[in-house]
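The values are calculated or read from the model by the stated rules, or taken from the named source; none is laboratory data. Please read all numbers here as calculations on a predicted model, not as lab measurements. Note that we place each Cβ from the backbone using ideal geometry, even for glycine, and neighbour counts take in every protein chain shown. Protein only, heavy atoms only, side chains kept; ligands, DNA and RNA dropped before computing areas. Shrake-Rupley method; radii C 1.70, N 1.55, O 1.52, S 1.80 Å.
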Amino acid sequence: MKIIASNFKTNHTRKSTKLFVEEVNQFLEKENIKNDVYVFPTATSLDTFEVLDNLTIGTQNAYYVKNGSFTGEIGTEQLDEFNIKTILIGHSERRHILGESQKEIAYKYNYYKALGYKIIYCVGEPLEVKEIGMTETLGYIWNQFDGIDLEYDNLVIAYEPVWAIGTGKIPTTEDIEIIHKKIKKKITQPLLYGGSVKTSNISDILDIPNVDGTLIGSGSWNVEDFKEMIKITNTK
Ligand code: PGA
């Protein structure tokens, strides 16, 4: 069964997140949808939500500590309060805008792996690498696996080309197929595609071999659109 995940990034408030999660939960119940659905709200909107087992609330980020003096960060003490056991690691915005290095990302990965968290680990190449060619693109992605245990059971990988995130551009079906096939040779866990997924293209993307689901940003923030995409995911 295919997976669908919504990354809120810096969108939605505590109040609108609650409404969104409740609405998605009711929808899953009403339509009897069993696919794994993830929602990653902002840190300020994390909470204890009464939801079905297949609807998981995760954190977009956290520091690799229980608690301490790390201004602006949250640790596992804050996640434990809401029983959050799922984390996004390696998202391109954290790599390229917030400046997280592969070394730091690997450290974070290993910290959360040791605690048994479900990790959605994101990889993907920037435009200048894509433009050089497929060999360089794959080499870039392999470097993003440095220090990452690809045998970890509780892992989901998301391939998200940086140039496709929030831009409306997506790779060709052929490119997604090639890259997913190559990554799948290294892993047995699910592999999601992310980058400008929306109601109008999700069906075609899910039909590409080795695409086990999607990680969606902007296209998922409207709950009606997200519900529509869950419904499509359920038919695949
Ligand atoms: P997008 O973002 O759907 O807005 O392109 C995807 C992501 O960053 O996970």
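For Glu128, the requirement of being charged (D, E, K, R), open to solvent by 60 Å² or more (accessible area, probe 1.4 Å) and on the phi < 0 side of the Ramachandran plot is met. Taking the criterion of being crowded, with 23+ Cβ neighbours inside 10 Å and on the phi > 0 side of the Ramachandran plot, the only residue of segment 83-97 that qualifies is Gly90.
Only one entry in Asn83, Asn11, Asn25 is at pLDDT 95 or above and either part of a helix (DSSP H, G or I) or in contact with a helix residue (DSSP H, G or I) (Cβ under 7 Å, 6 or more places away or on another chain) (or both), namely Asn25. In segment 152-172, the residues that are of a type outside the set (Val, Ile, Thr) form Cβ pairs under 7 Å with partners that are near the ligand (Cβ under 8 Å from one of its atoms) and open to solvent by 50 Å² or more (accessible area, probe 1.4 Å), at six or more places apart or across chains, as follows: Gly166/Ser218.
Of the residues Asp175, Asp207, Asp153, Asp225, the single one that is out of contact with any Leu (no Cβ under 7 Å at 6 or more places or on another chain) and within 23 Å of Pro41 (Cα to Cα) is Asp225.
Tell me, which residue of segment 135-149 that is polar (S, T, N, Q) and away from the ligand (no atom under 16 Å from the Cβ) is least open to solvent (accessible area, probe 1.4 Å)? Among them, the one singled out is Thr137.
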